[in-house]
Each structure stands twice: as C-alpha cells, then as structure tokens.
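S.K.: My structure is below; once you've seen it, I'll send some questions.
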C-alpha cells in the first residue's frame, strides 16, 4: 500500500492506494468520530463490495443507503434518500458518511456530508478509475440541475480516501477507458515525464496490471494534489485541470447525461483543445499526434459526436462554470506538460475549431 | 448609520445599521463582482421594499426571484426556484445574491449562494428584528427537512449585512416580539449590563423608538459576533447562543413550523432553561423572575404549549443538532450574563423541568 497526503493545512487528508485494502479497519478507524457510520453506495457496487466494507466497520452502528446507479440520478430526489436515511436512524453531527462507488456516489455523498447538519465527516472509497484519479482529490462535491451539470454543490474535503485497485477488475472496459482519459490529461497539462511513462505502459494499464495501476493512480493523484494545493477554491491555476472539459461538458449536455461517459467526452474535448492549441501555433502537429495516439490506445473516442454543430457547443459552453461574464475561457496547451487558461483568442478560431473535421484530422494517428 | 465588523479573518464582513439605508448604492457597490445581481425576496416583503433595493442597484442586470412567504416554504422545492432563476438568466460564478426579507429568506438565499456553482457572494438585507439580530451574524444557512429543522445547510458568510431599522415599522407586532426574545437572550447569556439596559428601555423598543432599536440591534450583533468569532463552526462556546433553543425547537417541531414563531418558542424554551438552572442551584429565583418579567414586557409567551408532554419534548430533542451521541446537551445559566453547555445533570431533573407547571411558576412575575 502507498499513502500520499493532500496538503490543505487543517483539512489535509491521506489517500491510501493498494490492492485489497477495502477490508482494512485500520484505514477507517482513525477518521470515525462516533459509533454511527453511514455507508452510501449504489445498486451496482453494493452487491460487489458492500460486505467487505461492512467487515471493516464491525462494531459500528451502520446505516446502509443504496442509491440507483447512474449520472441520471445525480439529482436532488436521490440526494434526499441520503438525508432521509440519516435522519431516520438519528445520525447526529459526529456521524461519518462513507462513499462506496464511482464519481456520482462520491460527489453526492460528499455534498450530503457538506450539507447534513451543516457538515459531517466523510470517507471516499472510489471504485472506478475515473473517481480514483479525479474526484478523490479536490473536494468538489455536488449534484446536477436540469439546466447544467454540477451546478449545485460545495467544496468539501474528505477525511480520507481509500483506493482499492482490485475493484477495477469488475469495472466495465468502457469505464476503465474513461478513467484513462483523465490519467492522460495529467500528463498533458503538467507532467511530460508521466506522459512518456504512459506511452510505454498503456498496454499494462489496459491489462489491469496491478503495479502499473498503482503507479498511474498515485502519479495522477499527486499531479492533481499539487495543482489543488495551490488553488483550493478554483480561482486560478486549478482551472487547468479542466483541459478538454469545457468542450466535453458541452458534449455530455448535448447528448444527455450518461450517453457519453464523462471521460469519453473529455477525450474528444481534449483533442479539440489540442487542435486549437496547435492552430494558435503553441504546440506542434507531432504533439497532437502523440496525444491522439495515446487516447486511441486507451480505447477512447477522439472525435466529437457526429452531427453536433458549433452552435450546439456554444449554447452549452456559455453557461459553463468556466465562463466569466460571458467570455468563454478555455484550457489550452503551451507545450506538452504545460497548460494555461485563456479567453484571449480570435473568436473565429474557436468557431473553426468547433467545425473542424476531426475524422480526417485523427485518422492517421 | 453605525457599522460594526464581524471579524473572521479573510471572511470578515461589515454590518451597517441605520434608518433608510436600504437605498444606499454605496453600501452594495463594493461587494458586487459583476454586473449580474439576483435579488431574492418573498411575496410579503417584495411589494414593500424591492423597489428601493432596485434603485440602489441601478446599472446592474437584475434577476428578481420572489419566493412564497413562510417557514413552510423553507424547503427544497422553494430553494430550487432560486437555482432556476439564476440558471435561466445565466448567472456565473461572479454573481451576487441579495437576500431581502426575514430569516427564512436569508437562510435560503445564503444556502443557495453557498451551493450555486459551489459558492457565490451574497449580501443580507434582513427586514425583521429576529433576522437582524440573529441570522445577520454567524453564517448559518440552510433549509428544513420533514424530519427536522435546519437539517440541511452550510456555514457560509455574507459579504455584507445592511440593516435598515425603518423596515421594522411594517413588521407585525408578534414578529417584533419574537425578535426581542433573541435580544433578551444576548443579555442573559453574555451581557448582564445589556440586560439592565433592556429592562430600562423595553417600552422604547415596543414603541419602535429608532435610537433604542439601533442600540439594541448593535449590541445584539456585537454580542453574537464576539461569540461566533471565537467558534465559527460551533464546536464549543458558540452553542451558548442556543439558550432556550433545544426546548424551543421541540416546541416548533411539535406544533408544526410557523404556528409558534421561532422567537416565541425560544422565549418559552428560555423560561424552561432558566427554571432548570435555578433547580440546579445555579441562579436565584429572583434572576428567573427578572427574565420572565422582561419576556412578558416584550409580549412573549413564557409557558410551553398546553398539552405538550415530556415525551413530546424528548422525542424532538434527541435528534436536535446539539445532541451528541444521544446525550442531550443543554444551554443553562450559571448566573445572569454567563451561560454554559452541559449534558451533566440528573435525568430526573430534566424530566421534572419538562413537566413543571409553568402557568403557576410564571404567574407572579
């Protein structure tokens, strides 16, 4: 097992990464404040792993709250199921919520913890690659609104994150790929050396080779933790973590939540952001080619949805949280391993990027 | 106009108190981050004061969100009206929410600001005495759950509070009295000198004498600010602000939200807490008599609802946020001007206090 610390002064917390650590009571114990604990999971993950977490929490009074699975349920009525469960079992301010599942479970449980009695503790046990490398670090929690993704939420840090790499053996291949989109992103935005490592080890990751998984997850969490430590509330540098996300959120919203996985939309969005960076003369054709090849190796889409028009993108991008006073700010690359956030580009260039022929552009990579 | 500062490091903010200051653009301007501003009010207050706030915000793009009035609407569907209004008008992270109304409007708008895009700015313009002396300081925001009051919320500080004492001229007398319950509370828990001032000036306050109102509001906010500055997240001393509230919340819940006003329930609850303090030998009969007489002078109930049994109290008190691991913690007085929080008392004494004959006990005061 490896442990890294996300350094946020009095809100610092450990991330433990290893195979089979889900059942280890010693990883949970130090973070529980009372006998009452609530495990929040979903209908897919609970049958696979709930029993093991239950074992780790023997001696505690457990409330188990099983939510329906999927981004479509990242909404208020489902969040309410958590509050109902806590209140029915009379959990007070010293309770701890444990999120067992993917990003949706983590975001909702974290937001429930942020709001329940104005804030109780929570522990993340992410069971998808995406949530392990993305939502374990950064404290973003929340739910969707019919008019936009993640529009209602809070910045709220967990007491600990417990990442059991063995849970990835039951993850559908498409979701593994979606997680790899974020892993590749860290290489692109802030760690050129890690990008080289990924080019050499993508086959190992596809095969779920345990050592490679641990290494990739640790380096991804470290990269994100470095960025978040500098800018906890996303006022500046942290926005670089959204490479591909402004385009990607537009794709997710246009296609309806859940039809394109978040990581898939980010992958196609990353290609668009890289194409734009190349058109601005910042990165080379070769850099774009490397990134596209790596995304393809990870079995990710590199082309936006057929038929999605520039106007469709713009409509969704204008309400994106990264828009400031109507200006669309984008994360672009200055070079491999170095990103920046800017709204200073010709509008015509964005229009051209939204209309480019990505089938042709990516065919040869 | 008087201004005091609530000292919370980088979250410090000013409270302005004066007659007619609602229309002063200079009090709003420094706290707005973009042209977009949303005013949240309710169907009772908007017809009286919205136009004046609108004048103070000339030159801004205003979204006006008018909620139904009353504690019964301090719920999720009503909160959702705020999010809907913000998203329809495409407010981004730099927007500012202005809460124009009483405690419910302030709590809901503050919670909406805490959650919208994970946090935007808000300004409180409280128009009831209760909200002016209570919710303007402390950063408590939230909504109710069918199983308990204020169960879902956040600690979130405003950018500024603007208290226009002239708004109290349109406040129903019962609500003025409810506000006075909290004013009296500050004297009891931490300012014996202020309690003496109140005994001398209660008639002026009942008559809405402007200088007396400003003085009482300022001293109440100062008292609360002192306590909150020591303990922003209510881990210790801050709990003394809940004198009468544990009993009071039980009364409110039992009677149904809104049938007893919050301040009325707190007044009766305060008498119970003082009776208990006296039974423990901490305060004199004379101290109880003074407090009861002052509450009566403020036209507040000093007796719990007829027919409400000890079992009814206990059922609601056990899920109160001040319960820790099932122990019911109470705020009691050691002497006038000095409160403490304790769960260390004979259970039989609490039972006796819940069953005492308050009609007889308070008749002579």
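S.K.: Taking chain A as the reference, fit the longest principal axis to its C-alpha atoms, fit the long axis of helix A:210-230 to the helix C-alpha atoms, and give the angle between the two in degrees, 0 to 90, nearest 10.
M.R.: Value to nearest ten degrees: 80.
S.K.: Now for a separate question. How far, in degrees from 0 to 90, does helix B:245-255 lean away from the longest principal axis of the Cα atoms of chain B, to the nearest 10?
M.R.: That helix lies at roughly 80 degrees to the long axis.
S.K.: Going 7 Å from Cα along the Cα-Cβ axis for the label, what nanometre distances separate residue A:1 from the same residue across the other copies?
M.R.: 5.7
S.K.: How far, in nm, would the chain grow between residue A:285 and residue A:299 when pulled straight, counting 0.36 nm per residue and subtracting the alpha carbon separation? Let's see the in-between values first.
M.R.: Details: separation 14, 0.36 × 14 = 5.04 nm, distance 2.11 nm.
Once the chain is fully extended between residue A:285 and residue A:299, it gains 2.9 nm.
S.K.: Copy-to-copy spacing for residue A:209, label 7 Å out on the Cα-to-C-beta vector, in nm, shortest first?
M.R.: The projected label point of residue A:209 is separated from its counterparts by 8.5 nm.
S.K.: To continue, here is another question. Provide the packing ranking of A:175-186, A:48-59, i.e. peptides ordered by the mean count of other C-beta atoms within 10 Å per residue, highest first.
M.R.: A:175-186, A:48-59
S.K.: Just the Cα atoms of the protein assembly as shown, one point each, no solvent: what log10 I(q)/I(0) does Debye give at q = 0.05, 0.07, 0.11 Å⁻¹?
M.R.: Those come out to -0.28, -0.53, -1.13, one per q.
S.K.: Provide the FRET efficiency to the nearest 0.05 for the residue A:343-residue A:255 pair, computing r from the beta carbons and using R0 = 35 Å.
M.R.: 0.85
S.K.: Find how many whole Å separate the alpha carbon centroid of segment B:61-111 from the alpha carbon centroid of segment B:158-223.
M.R.: After rounding, the separation between the Cα centres reads 26 Å.
S.K.: What spacing in nm lies between the two simple spin-label points modelled at residue A:170 and residue B:169, each 7 Å away from Cα in the Cβ direction?
M.R.: For residue A:170 paired with residue B:169, the spin-label model returns 6.8 nm.
S.K.: Another question, if that's okay. If you take every DSSP beta bridge whose two residues both sit in the protein assembly as shown, what share of them, in percent to the nearest 5, is antiparallel? Walk me through the numbers on the way to the answer.
M.R.: Details: 36 of 84 bridges.
Percentage antiparallel, nearest 5: 45.
S.K.: For residue A:61 and residue B:147, FRET efficiency with R0 = 22 Å and r from the beta-carbon atoms, rounded to 0.05?
M.R.: Working: r = 18 Å, r/R0 = 0.82.
Once the sixth-power term is evaluated, E becomes 0.75.
S.K.: Residue separation times 0.36 nm, minus the C-alpha to C-alpha distance between residue B:365 and residue B:311: what's the value?
M.R.: On the way: separation 54, 0.36 × 54 = 19.44 nm, distance 2.77 nm.
Length gained, residue B:365 through residue B:311: 16.7 nm.
S.K.: Sticking with this structure for a sec: Using Cα springs under 10 Å in a Gaussian network model of chain A, which residue among A:65, A:189, A:15 shows the largest mean-square fluctuation?
M.R.: Top of the fluctuation ranking is A:65.
S.K.: Three principal axis extents, largest first, for the C-alpha atoms of segment B:95-203, in Å?
M.R.: 48, 31, 24
S.K.: If R₀ is 25 angstrom, what is the calculated FRET efficiency for the pair residue A:88 and residue A:51, using the beta carbon separation as r and rounding to 0.05?
M.R.: Numbers: r = 22 Å, r/R0 = 0.89.
About 0.65, to the nearest 0.05.
S.K.: Taking a point 7 angstrom from the Cα of residue A:75 along the C-beta vector, which residues in segment B:87-111 have backbone N less than 16 Å away?
M.R.: none
S.K.: Strictly greater than 17 Å: what percent of every Cα pair in segment A:40-126 meets that?
M.R.: 41 percent
S.K.: Please compute the modelled spin-label separation between residue A:230 and residue A:2, points set 7 Å along Cα→Cβ, answer in nm with one decimal.
M.R.: Each label point is offset 7 Å from its Cα along the Cβ direction, giving 2.1 nm.
S.K.: Using a basic spin-label model with each label point 7 Å from the Cα along Cα→Cβ, how many nm lie between residue B:335 and residue A:334?
M.R.: Here the answer is 6.6 nm between the modelled labels.
S.K.: Suppose only helical runs count, i.e. DSSP H with n ≥ 4. What mean residue ellipticity at 222 nm does that imply for chain B under -39500 (n - 2.57) per run, divided by all residues and rounded to the nearest 500 deg cm²/dmol? Each step should come with its number before you reach the end.
M.R.: Working: 14 runs with 165 residues, N = 365.
Taken over chain B, the calculation gives -14000 deg cm²/dmol.
S.K.: Could you work out how far helix B:192-206 tilts from the main Cα principal axis of chain B, as a 0 to 90 degree angle to the nearest 10?
M.R.: For B:192-206 against chain B, the angle is about 70 degrees.
Bear in mind that the values in this text are calculations on the coordinates, not laboratory data. The structure displayed is predicted, hence computed values, not measured ones. Note that we place each Cβ from the backbone using ideal geometry, even for glycine, and neighbour counts take in every protein chain shown.
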